[in-house]
Protein chains: 2
Amino acid sequence: MDKSIKVVKSAQPVVRVKLTLAYDGSGFHGWQLQPDAPTVQGCIEKALERICSRPVRIHGSGRTDAGVHALGQVAHFDQPENKASVPWQKALNAILPDSIRVTRSLILGPDFHARFSAVSKTYCYNLWLEPDYVFPQRRNFVWKTGPLDLESMKKGSDLLVGKHDFRAFMNSGTEVRSTQRKVTGISFIQGLYPQELAVRITADGFLKQMARNIIGALVSVGRQKNHWTKLSRFLSDKTRPLTPATAPARGLCLEKVEYPEKYRAH
Amino acid sequence: MDKSIKVVKSAQPVVRVKLTLAYDGSGFHGWQLQPDAPTVQGCIEKALERICSRPVRIHGSGRTDAGVHALGQVAHFDQPENKASVPWQKALNAILPDSIRVTRSLILGPDFHARFSAVSKTYCYNLWLEPDYVFPQRRNFVWKTGPLDLESMKKGSDLLVGKHDFRAFMNSGTEVRSTQRKVTGISFIQGLYPQELAVRITADGFLKQMARNIIGALVSVGRQKNHWTKLSRFLSDKTRPLTPATAPARGLCLEKVEYPEKYRAH
């Protein structure tokens, strides 16, 4: 399926380690490696280098922006031949800062790729509905919007579910072959505290900042700045400047990346 | 009821402001004012001094230890006569660091006292049952105990409910008239995440570190280091050194302080 992976010439078959990761994104400049700023990828590669005594590249299911959190990000790396006995979850958690945790590790073959094997992703966005304060315990994990018209948001979200060109919900900066994505579900659920509303979005893939742009648009509906029928208009207009502003990073969390059955733990 | 409050000689009756407070205790050296360390009381008094242009003393319902959190701590202060029009919640939240929030302010008379008028307090303690990791989002708010025998903990907790001498559950350092307290309820509920178990304890008052010592003892039962019937023994022995170690501060949160009807908002 994925032709871009280099075939490693080796006496032994490549062993690929799938890591499931949770992180508090508050202190990181996002997932992707940067030379002079702490990033999640950078921290994990540093920990792997300590264990393996040589650089090890990891591949995430996708980048998360600065300030975005994860409960179920997935990444993979190829296990060095002389490190077959390392208990990866335990070994990495012993070295990583406690703002990043490996919640599971799984040994797979070279056909698995954290990004290209993924079939769907689920993001959860936390909105704080109480206008006068945010619990300090939640200040890095919610967007304080104040009260929202939930019924209109639900009606609007129904217009986004399905296969659409989400160009109007994509921020520029990354080249993509297609801006078509299939959103399989948007659900509104009680958040961790009664003052919270969580919005869960599942899609076969997300364009750059698409989750935060969908939330920004839904909140504009919830605040009655846009009628819910306007969401169809945003989709068909296909131009970002007409769509409401991107929601703040801190409310977003990558909850889950789904893979075909054969790449899951049993 | 409270004879210790000084009668303030003034042309106008004393106006006492009741504040309900939430804080993330991670960055504070506890509630109580200290000369050279950031404390919750210190932060609030500094904010009040900025608003009132003179020192204002606040009185909490009780001290919380370094690292302990609150969702419903209560404190009061006497409103300076020339500050009758200040919207306290808004004014304080504009100045306070976002690790402390005023969730409510209420104007009362001089008979109210945050500490002496309180009739009960509820603490919540968060236990993390998954042995291999803690979600980074929860690292400052839970104690990772691993799996626990919940049934034994429930049986043990029943022995602590009621009016008892809790001397064995009190750390030294504060003089008290009586070490008798009435625990009106201990309940075990699902925590914020499925990996969490929350223990909620309500009592007419708590001795120094009593909540954390009760949790320490209950966890020793949950880990099968002590049989649940041992909790009666700890109570009757009345000596701290025989009781299991104090649970870490970070798992504890002061959820609610209850007052008679006349001191509540309507």
Pull up segment A:1-36, narrow it to residues that are among the small types (Gly, Ala, Ser) and over 20 Å from the mean Cα position of the chain (by Cα), then point me to the one that is modelled with the highest pLDDT.
A:11
Residue, least open to solvent (accessible area, probe 1.4 Å), within segment B:136-148, restricted to residues that are under 23 Å from residue A:139 (Cα atoms) and out of contact with any Asp or Glu (no Cβ under 8 Å at 6 or more places or on another chain):
B:141
Within segment B:62-71, can you find the residues that are in a strand (DSSP E or B) and within 8 Å of the chain's Cα centre (by Cα)?
B:69, B:70
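Restricting attention to segment B:159-174, does a residue exist that is within 19 Å of residue B:68 (Cβ to Cβ) and out of contact with any helix residue (DSSP H, G or I) (no Cβ under 9 Å at 6 or more places or on another chain)?
yes
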Qualifying positions in segment A:250-264 - outside any strand (DSSP E or B) and open to solvent by less than 20 Å² (accessible area, probe 1.4 Å):
A:251, A:259, A:263
With the condition kept exactly as written, say whether any residue in segment B:227-247 is open to solvent by less than 20 Å² (accessible area, probe 1.4 Å), small (Gly, Ala, Ser) and not in a loop (DSSP other than H, G, I, E, B).
no
Sole miss for residue B:47 among (1) more than 22 Å from the chain's Cα centre (by Cα); (2) open to solvent by less than 40 Å² (accessible area, probe 1.4 Å); (3) more than 27 Å from residue B:205 (Cβ to Cβ); (4) of a type in the set (Gly, Ala, Ser) is condition (1)
Just give me the residues in segment A:180-198 being modelled with pLDDT of 95 or more and under 19 Å from the mean Cα position of the chain (by Cα), in sequence order.
A:180, A:181, A:182, A:183, A:184, A:185, A:186, A:187, A:188, A:189, A:197, A:198
Can you tell me which residues in segment B:94-133 are under 15 Å from the mean Cα position of the chain (by Cα), within 30 Å of residue B:220 (Cβ to Cβ) and in a loop (DSSP other than H, G, I, E, B)?
B:118
Scan (1) open to solvent by 30 Å² or more (accessible area, probe 1.4 Å); (2) outside any loop (DSSP other than H, G, I, E, B) for the single condition residue B:33 breaks and write down its number.
(2)
Checking the structure you have, find out if any residue of segment B:149-162 is part of a loop (DSSP other than H, G, I, E, B), surrounded by fewer than 22 Cβ atoms within 10 Å (Cβ to Cβ), away from chain A (no Cβ under 14 Å) and not hydrophobic (A, V, I, L, M, F, W, C).
yes
Exception for residue B:85 within (1) without any contact (Cβ under 8 Å) to a residue 12 or more places away in the chain; (2) away from every other protein chain (no Cβ under 14 Å); (3) within 20 Å of the chain's Cα centre (by Cα) falls at (3)
Condition first: in contact with a strand residue (DSSP E or B) (Cβ under 7 Å, 6 or more places away or on another chain), closer than 20 Å to residue B:86 by Cα and either of a type in the set (A, V, I, L, M, F, W, C) or open to solvent by 10 Å² or more (accessible area, probe 1.4 Å) (or both). Can you find one or more residues in segment B:21-28 that meet it?
yes
Sort out which residues of segment A:98-109 are among the small types (Gly, Ala, Ser) and within 12 Å of another protein chain (Cβ to nearest Cβ), and write them in order of number.
A:99, A:105
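To keep it simple, each residue is scored yes or no on (1) at pLDDT 95 or above; (2) within 12 Å of chain A (Cβ to nearest Cβ); (3) open to solvent by 30 Å² or more (accessible area, probe 1.4 Å).
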{"site": "B:65", "(1), (2), (3)": "yes, no, yes"}
{"site": "B:69", "(1), (2), (3)": "yes, yes, no"}
{"site": "B:72", "(1), (2), (3)": "yes, yes, no"}
{"site": "B:77", "(1), (2), (3)": "yes, no, no"}
{"site": "B:90", "(1), (2), (3)": "yes, yes, yes"}
{"site": "B:96", "(1), (2), (3)": "yes, yes, no"}
{"site": "B:111", "(1), (2), (3)": "yes, no, yes"}
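The values are calculated or read from the model by the stated rules, or taken from the named source; none is laboratory data. Just so we're clear, the structure is a prediction, and the values are computed from it rather than from any experiment. With ideal geometry, Cβ positions are generated from the backbone for all residues, glycine too; neighbour counts draw on all protein chains shown. Side chains are part of the model used for accessible areas, which takes the heavy atoms of the whole protein and leaves out ligands, DNA and RNA. Shrake-Rupley method; radii C 1.70, N 1.55, O 1.52, S 1.80 Å.
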